[in-house]
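K.L.:
To start, I am sharing the structure in question, which I have written as structure tokens.
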Amino acid sequence: MKTTPNTKTEITFEDFKTEVLNDYKVAVTSRECSLLGRREVLTGKAKFGIFGDGKEIPQIAWAKAFRNGDFRSGYYRDQTFMMAIGELTIEQFFAGLYANTDIKDEPMSAGRQMGGHFATHSLDENGQWKNLTEQKNSSSDISPTAGQMPRLLGLAQASKIYRDVDGIDTTKFSKKGNEIAWGTIGNASTSEGLFFETINAAGVLQVPMVISIWDDQYGISVHARHQTTKENISEILKGFQREGDLKGYEIFRVDGWNYPELMDTYQRAAKISRTEHVPVMIHVQELTQPQGHSTSGSHERYKDKDRLKWEAEYDCNVQMRHWMIANNIATDEELTALERRIKKEVREGKKAAWAACINPILAERKEALSLLEQLAASSSNGVFITKLKNELESFDEPLRRNILTATRKALRYVVSESSAEKTALQNWVTNYINTIQPKYSSHLYSESPQSALNQSEVPPTYDANAEEVDGRVVLRENFDAIFNNYPESLIFGEDAGYIGDVNQGLEGLQEKHGALRVSDTGIREATIIGQGIGMAMRGLRPIAEIQYLDYIMYALQIMSDDLATVQYRTKGRQKAPLIVRTRGHRLEGIWHSGSQMGGVLNLIRGIHVLVPRNMTKAAGFYNTLLDSDEPALVVECLNGYRLKEKLPNNIGEFKTPIGVVETIRAGEDITLVSYGSTLRLVEKAAKELQVVGIDAEIIDVQSLLPFDLNHDIVKSIAKTNRVMVIDEDVKGGASAYILNEILNTQGAFQYLDSSPITLAAKPHRPAYGTDGDYFSKPSAEDIFEAIYEVMHEVSPSDYPKLR
Ligand SMILES: Cc1ncc(C[n+]2csc(CCOP(=O)(O)OP(=O)(O)O)c2C)c(N)n1
Ligand SMILES: [Mg+2]
């Protein structure tokens, strides 16, 4: 069904006709899918539908300019484009609508995302890179409007890096940086900050990015007058137009129903962007929504008669049809016949997709029904079980939920019976859940051999007379080794380039490794992450630096919605092994001492969260991560850069393992669990406690996500029978997460002789100054007294009340 870009320089009118007719065929096929798709939702076979109707013709033009190796980062309106590049068949379109969980039938997300969220496979079934230069690529869509923009920047920047940085093996990723990253966004979504942040950054970076704005004047029901100044996005972005030596954008404006002009515009845009690495904006105006926004409502509620009339007339497919007839490409009758054939084809495709989706479930139900029947025959509660069976049998279109509801409930009726039939059903249910659950839950993290969890520890080693250096020097030496060992690695962030980061962990490295690999960025945290996501998706190994943990809030949405879900939402067919480097915890005041770890932990499942207590540990984490294929956040201790550490002699080689805790002090009376900067206070308190006869064991968590995979903490608690978790987050934040892991996941409750305690910061933001810190975060005295109090409760005579 693909469009066939004509590469011959001279074509006959017959060739031209064939090509145009084929384009029309794709547009009409896509439209039929939208129309029938909506019906499938309204009749209940599919849950929700959001379609590409009214945006077909510009996408045909775009597809013709799109080449192998190029990338798309778009949104839910792009089904025609996906069809035109040959990456979405009719059957796959409906498989997405039905949430078919088989990735062979539903390659976009294996049913995890609603229809209209498109993707191609960058990885094979073993999680290894395919050759991206030999295929057309689409990064996987997300629903938050404009959330596709930050990633788009990185996808485009990768071409620049591949073109301009020597020494990278580009075989699978780039041909001389000639790839364009193509973005799409709706007119209303250009109101989002992420859009403006990305547009500015791409203008600064001068990357090959072409962004199409599909303008249908609405964002659901809200008209452009409430969205965009002057109701015209390209008008207000005019200042970005490049002029003479002043670099900027090339901006085009074109009507979305004008087939020949669209063809011309997209070819011109591609040429400029591909050869000159200039960002291009194409404002595609006068588009329509023939069926309204989505299946959730009708547009007659908010569009007046004139608008609806205009939309019917300027429907891009209708306009193309007129143009074809006017230019003798086809007759009305020929087109009507073609449209009829397509209607039939789409109906058949839909039927086939439904069969592929429902047949496995019907087979599963058959097994369940037979087991239920046998159980009913053997049970004294047979009547009730038969009722469940009949109910399950009555569904014309059963869900897996129906199968499990019936079988699980049936087991309740035989709870005090014992029979072979019961055992058979018990085993079947357990097996069924074990087989089906991964369809919905696999690939939150990498399941490939390069998973971070498969990396083993390589301890740092030291010369006998190893030098004591500032912590930042360990990091700097290690980053230097990383840039030597991994030509595809690069780091960027605010002040990360010229001065080598605000704490000098990259001192001198820009001079050594070049301004493309160690670079300064604008102050724009979300798109710093986006740069990283996009480049990581194209085979590079970016390290994105967020200057302070406090400011990760600006980036957290994109980390949560995009980065954390890449593997999950593609069922392991795309990855973005981005390392996010930041620094945090104790320094000064409300905006430079944040410890919003509870929020971070809860929002970014899918990204490893590592909290090294010193710079050697941090460097070891970077080394581990670069040998793995997963994203991670590394939070360095803001107050640790000037503390002395011995310089290892195996820089660039030692590795801190992920998900492994370290006992940094052995003790008998209580287990203290903490991480990062707080550990130094915990160690101080432990020393002072020793003086009064309390012997504390200290465990450094190091890795919050994943958490203590070997369950070493519970082993310590089995010995001490007491536990306290100490951190700088608010109560109920990270300390609650840690305690839940210890008590529930590790089952430590059974060993406890005292109530488990969490010691955290005050609920307000940390106040400025040394006393501000003392009265906001747990101090060594707070820690001492909290532990002493536990021991006082155990033995008031040994530990009389302090105050
Ligand atoms: C961040 C965010 N806010 C709100 C929504 C709900 N929403 C989905 S689509 C949409 C309107 C988008 O309009 P526009 O960008 O013009 O695209 P169109 O659907 O018109 O093609 C809204 C508000 C969302 N998905 N994400
Ligand atoms: Mg719109």
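K.L.:
Take the conditions surrounded by 21 or more Cβ atoms within 10 Å (Cβ to Cβ), closer than 28 Å to I103 by Cβ and among the small types (G, A, S) and apply them to G594. Does it pass?
P.N.:
no
K.L.:
In addition: Checking G183 against (1) of a type outside the set (K, R); (2) away from ligand 2 (no atom under 16 Å from the Cβ); (3) under 23 Å from E134 (Cβ atoms), only one condition comes out false. Which one?
P.N.:
For G183, the failing item is (2).
K.L.:
Still on this structure, please answer the following. Count, please, the residues in the range 186-205 that happen to be open to solvent by 20 Å² or more (accessible area, probe 1.4 Å), touching a strand residue (DSSP E or B) at 6+ places or on another chain (Cβ under 8 Å) and more than 9 Å from ligand 1 (Cβ to nearest atom).
P.N.:
0
K.L.:
In addition: How many residues does the range 108-136 contain that are over 22 Å from L35 (Cα atoms) and open to solvent by 20 Å² or more (accessible area, probe 1.4 Å)?
P.N.:
Number satisfying all stated conditions: 12.
K.L.:
If I go through the range 211-222 residue by residue, how many of them are surrounded by 21 or more Cβ atoms within 10 Å (Cβ to Cβ) and either hydroxyl-bearing (S, T, Y) or under 22 Å from the mean Cα position of the chain (by Cα) (or both)?
P.N.:
The qualifying residues number 3.
K.L.:
Among the residues that make up the range 262-269, is at least one of them within 16 Å of ligand 2 (Cβ to nearest atom), closer than 26 Å to A27 by Cα and under 33 Å from the mean Cα position of the chain (by Cα)?
P.N.:
Scanning the range 262-269, I find no residue that is within 16 Å of ligand 2 (Cβ to nearest atom), closer than 26 Å to A27 by Cα and under 33 Å from the mean Cα position of the chain (by Cα), so the answer is no.
K.L.:
Looking only at the range 54-102, filter to residues that are under 16 Å from D141 (Cα atoms) and among the hydrophobic types (A, V, I, L, M, F, W, C); which one of those is most open to solvent (accessible area, probe 1.4 Å)?
P.N.:
A99
K.L.:
Another question about this same structure. Can you list residue pairs whose Cβ atoms sit under 8 Å apart, with the first residue in the range 191-210 being acidic (D, E) and the second being open to solvent by less than 10 Å² (accessible area, probe 1.4 Å) and in a helix (DSSP H, G or I)? Count only pairs 6 or more apart in sequence or on different chains.
P.N.:
Going by the 8 Å Cβ cut-off, the qualifying pairs are E192/M149; E197/M149; E197/P150; E197/A526; E197/T527.
K.L.:
May I pose another question? Can you tell me which residue is modelled with the lowest pLDDT among those in the range 1-15 that are assigned to a helix (DSSP H, G or I) and open to solvent by 70 Å² or more (accessible area, probe 1.4 Å)?
P.N.:
So the residue we want is F13.
K.L.:
The conditions are (1) open to solvent by 40 Å² or more (accessible area, probe 1.4 Å); (2) under 18 Å from I742 (Cβ atoms), and G676 fails exactly one of them. Which is it?
P.N.:
(1)
K.L.:
I'm told V26 meets every condition in (1) away from ligand 2 (no atom under 16 Å from the Cβ); (2) assigned to a loop (DSSP other than H, G, I, E, B); (3) open to solvent by less than 30 Å² (accessible area, probe 1.4 Å) except one. Can you identify the failing condition by its number?
P.N.:
So V26 meets the others, but not (2).
K.L.:
Could you tell me whether the range 192-210 includes any residue that is within 16 Å of ligand 2 (Cβ to nearest atom) and hydroxyl-bearing (S, T, Y)?
P.N.:
The answer is no; no qualifying residue exists.
K.L.:
Taking the condition of being surrounded by 13 or more Cβ atoms within 10 Å (Cβ to Cβ) and either of a type outside the set (D, E, K, R) or touching a residue at least 60 places away in the same chain (Cβ under 8 Å) (or both), how many residues in the range 782-803 meet it?
P.N.:
10
K.L.:
Let me ask something else about it. Within 16 Å of ligand 2 (Cβ to nearest atom), modelled with pLDDT of 95 or more and buried (at least 17 other Cβ atoms within 10 Å of the Cβ): is that true of I161 in this structure?
P.N.:
The answer is no for I161.
K.L.:
Follow-up question, since we're still on this one. Looking at D304 and the list (1) within 30 Å of R401 (Cα to Cα); (2) open to solvent by 60 Å² or more (accessible area, probe 1.4 Å), which single condition is not satisfied?
P.N.:
For D304, the exception is condition (1).
K.L.:
Which of the helices (runs of 4 or more DSSP H) found entirely inside the range 50-148 contain at least 3 residues meeting this: within 16 Å of ligand 2 (Cβ to nearest atom)?
P.N.:
Answer list for the range 50-148: 56-65.
K.L.:
Write out, first by first residue and then by second, each pair whose Cβ atoms fall under 6 Å of each other, whose residues are 6+ apart or on separate chains, and whose first residue, in the range 479-501, is within 16 Å of M537 (Cα to Cα) while the second is in a strand (DSSP E or B).
P.N.:
Within 6 Å, the pairs are E488/R541; S489/R541; L490/P542; I491/V518; I491/I543.
K.L.:
Among G693, G659, which is open to solvent by less than 20 Å² (accessible area, probe 1.4 Å), in a loop (DSSP other than H, G, I, E, B) and more than 22 Å from R586 (Cα to Cα)?
P.N.:
On inspection, the qualifying residue turns out to be G659.
The values are calculated or read from the model by the stated rules, or taken from the named source; none is laboratory data. The model shown is predicted, which means the values in this text are computed figures rather than measured ones. Note that each Cβ is placed from the backbone with ideal geometry, even for glycine, and that neighbours are counted across all protein chains shown. Note: accessible area is taken over every heavy atom of the protein model, side chains too, but ligands, DNA and RNA are not part of it. Shrake-Rupley method; radii C 1.70, N 1.55, O 1.52, S 1.80 Å.
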